Amino acid sequence: MWQRFTQEARKIVFLATEEAGKHGESHVSTEHLLLGILRADNCLACQALRAMSADPAELRSKIEEQIGSGGSHLAEDIQLTPRAKRVIDIAYNEARRMMNDFIGSEHLLLGLVGEAEGVAARVLSAVGIDLDRARAVVTELQQATGAASPAHATANSTRKLTGRDLIGISDLDRSDIYLIFDTAKRLKTAMSPEEQRKLLTGKTLAMIFEKPSLRTRVSFEVGMTQLGGHAIYLAPSDIQLGKRESIGDAARTLDRMCDLIMARTFAHSTVVELAEYAGVPVINGLSDLEHPCQALADFFTILEKKGTLQGLKVVFVGDGNNVAHSLMLLAAKVGTNFTIACPEGYEPRAEIVAQARRDAEQTKAIIDIVRDAKQATAEADVVYTDVWASMGQEHEAEERARVFAPYQVNAELMKLAKPDAIFMHCLPAHRGSEVTDEVIDSPQSVVFDEAENRLHVQKAVMVLLAQK
């Protein structure tokens with residue numbers, strides 16, 4: 001069996017044996033294998049853990065809390081518990097799945113996550129690491145470091161986002177979402193400006209705007225510049241989609257000259273039609289149905305602040321609009337409980353709710369719609385709101401202000417959430433309407449961290465969609 005291990009993986013098993021002996025055990029179990037990985041600080045498994053925001057020192061501490069110390073024991077040879085043997089079996093299958101010839105540290109990590117019942121699996125799950133996410137991160141690290149064989153790269157090419165569109169959250173699976181998050185984190189914290197400028201050198205982004213924007217335009221334009229590319233702003237009067245020329249003709253023209261298209265439109269059908277006719281990736285920068293880039297930035301921010309997404313309670317207070325749609329769909333995919341508190345007649349679209357609940361069946365997330373904002377906010381980890389009247393609904397503003405008055409997020413409402421709850425808003429905010437100054441300017445508010453993360457997440461999206 002050991003001939004199938006890389007030298008690095010053999011070292012980890014040896015270190016695991018040492019860890020078992022230090023804790024008075026005569027057999028190596030899952031917790032000792034994870035401790036062995038943590039001691040091999042530069043191994044690919046540790047790189048993957050750090051890419052998933054897992055602190056090795058914190059993981060070690062959590063394991064030590066659970067297994068304690070039983071004196072020391074000198075093992076004469078390596079004996080594995082049944083659970084540790086199962087980890088090895090899963091690691092072998094993961095290596096074969098990735099078309100790798102040998103079991104490496106990264107496969108041992110996947111084996112520990114996939115085993116699901118041992119101490120190691122429980123500790124990893126507690127910090128938000130699941131098998132889909134771990135596989136996505138390991139795959140990307142293998143490709144980045146050259147650890148993957150040509151066969152591996154071919155087998156996993158369908159998992160990459162290159163050449164795909166981002167029209168809505170349903171275009172992404174759980175692995176895609178975490179791949180975007182992990183890429184965004186590296187762009188934000190680990191890569192130098194010089195390294196980033198090489199990622200999309202010579203590539204061009206066409207930015208189509210039917211609606212005015214601050215965060216969407218600046219984040220995409222600055223992001224493309226930082227990645228070494230160029231962005232072209234196309235104002236409503238420049239193209240007049242569907243009026244001056246057909247959407248299809250505009251799409252087919254742009255894809256001859258540009259590498260990416262981002263569109264911020266009134267009708268969702270416009271983005272869909274652009275994607276249908278364009279041969280380059282199309283990104284939905286906002287439509288009347290969804291705002292996927294905003295939701296990705298929001299959940300990236302939640303992950304930064306909370307360390308995990310699974311099992312959290314996110315409460316959206318207000319209109320069941322495009323932002324609420326994307327947040328609900330994303331929550332269902334990553335295992336976050338999502339409740340929207342809204343007046344009757346202002347619920348999210350039925351087809352969006354149905355899709356979210358289908359996805360939630362796989363992740364065990366709870367998707368709920370209630371009328372009472374106070375009931376919804378009780379014990380929330382995240383409280384989110386948005387304007388009551390979006391662009392294009394200005395004629396409804398007065399009526400909406402009356403209907404939504406009981407749904408204002410104020411200090412009284414925030415007190416019902418958990419003490420460490422965070423407040424979020426996609427901005428621009430109508431202070432004094434959907435949220436008070438006291439809340440949006442409070443220490444609980446992360447709205448400007450959230451706004452900044454539009455830049456990092458959209459850079460990740462562009463790199464993953466456009467990079468060859």
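Where a number appears in this text, it was derived from the coordinates with a stated rule and is not lab data. Bear in mind the structure is a predicted one, so any value in this text is a computation, not a measurement. All Cβ positions, even for glycine, are placed from backbone atoms using ideal geometry, and neighbour counts span all protein chains on display.
Could you work out the local net charge near Ala332, counting Lys and Arg as +1, Asp and Glu as -1, over the other residues with Cβ closer than 12 Å to its Cβ?
+1
Using Cα positions and a limit of under 12 Å, work out the aspartates and glutamates in reach of Lys85, with same-chain residues fewer than 8 apart set aside.
Filter leaves Glu115.
Determine the shape class of the chain: with a ≥ b ≥ c the square roots of the Cα gyration tensor eigenvalues, call it rounded for a/c under 1.5, and otherwise prolate if a/b is greater than b/c, oblate otherwise. Before the final figure, lay out each step's value.
Working: a/c = 2.47, a/b = 1.50, b/c = 1.65.
The shape class here is oblate.
Treating the beta-carbon of each Lys and Arg as +1 and of each Asp and Glu as -1, no other charges, what is the dipole magnitude of the chain about its Cα centre, to the nearest 20 debye?
Using Cβ point charges on Lys, Arg, Asp and Glu, the chain gives about 1060 debye.
Kindly rank 436-448, 214-226, 174-186 from highest to lowest mean number of other beta carbons found within 10 Å of each residue.
174-186, 214-226, 436-448
May I ask you to evaluate 6.51 cos²θ - 1.76 cosθ + 1.60, the Karplus curve with θ = phi - 60°, for each residue of the stretch 81-93 and list the ³J(HN,Hα) values in order in whole Hz, giving x for glycine and proline?
Per residue, the Karplus-derived 3J(HN,Hα) values read 6, x, 5, 5, 4, 5, 4, 5, 4, 5, 4, 4, 5 Hz.
Pull up the cross-link candidates among the aspartates and glutamates for Lys243, meaning alpha carbon to alpha carbon under 14 Å and not fewer than 8 places away within one chain.
Glu210
Run lengths n ≥ 4 of DSSP H only: what is the helix-derived mean residue ellipticity at 222 nm for the chain, with -39500 (n - 2.57) per run over all residues, to the nearest 500?
After summing the helix terms and dividing by the residues of the chain, the value is -15500 deg cm²/dmol.
Given a Förster radius of 25 Å and the C-beta distance between Lys418 and Glu452 as r, what FRET efficiency does 1/(1 + (r/R0)^6) yield to the nearest 0.05?
Calculated transfer efficiency: 0.55.
Please list, in chain and number order, the residues 5+ apart from His230 or on another chain whose amide H is under 5 Å from its amide H, with Hs placed from the backbone.
Correct list: Lys203, Thr204, Leu205.
List the residues whose amide H sits under 5 Å from the amide H of Asp319, counting only those 5 or more places along or on another chain, with H placed 1.01 Å from N in the peptide plane.
Placed amide hydrogens put Asp386 under 5 Å from Asp319.
So which lysines pass the test for Lys306, namely a Cα distance under 30 Å, with those fewer than 8 places away in the same chain ruled out?
Here the lysines satisfying the reach criterion relative to Lys306 are Lys62, Lys160, Lys185, Lys188, Lys333, Lys364, Lys374, Lys415, Lys418, Lys459.
Quick one: what are the phi-derived ³J(HN,Hα) couplings along the stretch 314-322, Karplus 6.51/-1.76/1.60 with θ = phi - 60°, whole Hz, x for glycine and proline?
9, 10, 9, 10, x, 6, x, 9, 4
Pull up all non-local amide H partners of Leu166: gap of 5 or more, or a different chain, and H-to-H distance under 5 Å with H placed in the peptide plane.
Val282, Ile283, Asn284
Which whole-number percentage describes the relative contact order of the chain, with Cα contacts under 8 Å and a sequence gap of 6 or more?
13
I'd like the Karplus ³J(HN,Hα) series for the stretch 295-302: coefficients 6.51, -1.76, 1.60, θ = phi - 60°, whole numbers in Hz, and an x wherever there's a Gly or Pro.
Rounded to whole hertz, the list is 5, 4, 5, 5, 6, 4, 5, 4.
Return the whole-Å distance between the Cα centroid of the stretch 309-370 and the Cα centroid of the stretch 1-52.
Rounded to whole Å, the Cα centres lie 40 Å apart.
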